[in-house]
Amino acid sequence: MEAHCCDEMRRQVERVCDQHPDRFDCPDCLVHYSPRFREYELIVHDGGSSSCRIGFCPWCGARLPNSLRDEWFAEMERRGIDPWEGKVPTEYESAQWWAARPAEPHAAADPARLSATESRSPNGGPGS
Ligand SMILES: [Zn+2]
Ligand SMILES: [Zn+2]
């Protein structure tokens, strides 16, 4: 279960209808949420799978969390995984890979900074 900014947003991203198994086909579905990238997008109903990323919630006006897309690809690269080959670990298919870790300062979303601090031990050190 993921935290969204407001109930309306949660309703919108979880909305599924019987007639349209593919949400992009459903005129009632307005927002698409990509858990793995933590991205919110408006669905562009042009018959394809176009979407338009949004930075703020259309209902409550909250600033939506930073996209983790760059970080996700940086993480794949670090692990030597080619995401296009379909060998992505399960936790990276969902929000699991970022939801489990402690909230990071916004600056950490910068992949360049991430690799610069890579050699240092993470907060808390290894658990036992
Ligand atoms: Zn529908
Ligand atoms: Zn909201």
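Rule-based calculations on the coordinates, nothing more; no lab input. Computed from a predicted structure; not experimentally measured. Please note: Cβ atoms are built from the backbone with ideal geometry, for glycine as well, and neighbour counts cover all protein chains shown.
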* To do: Find which of 55, 29, 13 sits farthest along the positive direction of the dipole of segment 7-113, computed with +1 on the beta-carbon of Lys and Arg, -1 on that of Asp and Glu, about the Cα centre.
  => 55
* Could you size up the charge dipole of segment 7-113 around its Cα centre, putting +1 on the beta carbon of Lys and Arg and -1 on that of Asp and Glu, and report it in debye to the nearest 20? => 360 debye
* To do: Based on the mean of other Cβ atoms within 10 Å per residue, sort peptides 53-63, 71-81 so the most packed one is first.
  => 71-81, 53-63
* **Percent of alpha-carbon pairs separated by more than 24 Å within segment 7-113** => 33 percent
* Structure fact -> Diffing segment 88-93: the Karplus 3J(HN,Hα) column from phi (6.51, -1.76, 1.60, θ = phi - 60°), in whole Hz with x for Gly and Pro, holds 5, x, 3, 5, 8, 7
* So what J values fall out for segment 71-82 if you push phi through Karplus, 6.51 cos²θ - 1.76 cosθ + 1.60 with θ = phi - 60°, rounded to Hz, Gly and Pro as x? -> 5, 4, 5, 5, 5, 4, 5, 4, 8, x, 9, 9
